[in-house]
């Protein structure tokens, strides 16, 4: 097992950056309970990986680095899934509103 001495400081920066993003999103008003719980769980996973890396005091194996990037990728995947779900919900709402408007105009035109 080959150890590297602070060879990948960017993984620490990446995880720290994502944790800051999560904290900012949690502080933002208007998030649902589900989103809050998901963000909190993601923050716990990232924080535990960050703590694990910091305990190694700069001596990371390639496996440690790969595991950390795997955790980051999982977070990014979940974040994209949440964004996709929000986008789909917004699209459905717009489609329903437009459909109701068209139906209303049709009924109005039919009465005249």
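Cβ crowding within 10 Å, taken as a proxy for footprinting-reagent exposure, orders 102, 65, 15 from fewest neighbours to most as 102, 65, 15. Put a dot 7 Å past the Cα of residue 14, heading toward its Cβ, do the same for residue 74, and the two dots end up 1.5 nm apart. For the chain, the longest principal axis of the Cα atoms and the long axis of helix 33-55 meet at an angle of about 10 degrees. Quick one: angle between helix 62-111 and the longest Cα principal axis of the chain, in degrees between 0 and 90, rounded to 10, please. The helix 62-111 is inclined about 10 degrees to the chain. Entry note, the chain: the mean residue ellipticity at 222 nm calculated from DSSP H runs of n ≥ 4, each adding -39500 (n - 2.57), is -29500 deg cm²/dmol after division by the residues and rounding to the nearest 500.
Find, to one decimal place in angstroms, the Kirkwood hydrodynamic radius of the chain, where the mean of 1/r is taken over every pair of different Cα atoms and then inverted. By the Kirkwood definition, the hydrodynamic radius is 17.1 Å.
Normalising the average separation of contacting C-alpha pairs (under 8 angstrom, six or more residues apart) by the number of residues puts the relative contact order of segment 3-111 at 36 percent. Ordering 77-83, 88-94 by mean Cβ neighbour count within 10 Å, with the highest value first, yields 77-83, 88-94.
Evaluate the Debye formula for segment 57-112 with equal point scatterers sitting on the alpha carbons, no solvent, and hand back log10 of I(q)/I(0) at q = 0.29 Å⁻¹, in q order, two decimals. Rounded to two decimals, the profile gives -1.01.
From least to most packed, judged by other beta carbons within 10 angstrom and beginning with the fewest, 64, 74 follow the order 74, 64. Residue order for 76, 25, fewest other beta carbons within 10 angstrom first, comes to 76, 25.
A short reminder: the numbers here are calculations on the coordinates, not readings from a lab. It should be emphasised that the depicted structure is a prediction, and the values quoted were computed from it without experimental measurement. Neighbour counts are summed over all protein chains in view; Cβ atoms, including those assigned to glycine, are modelled from backbone coordinates with ideal geometry.
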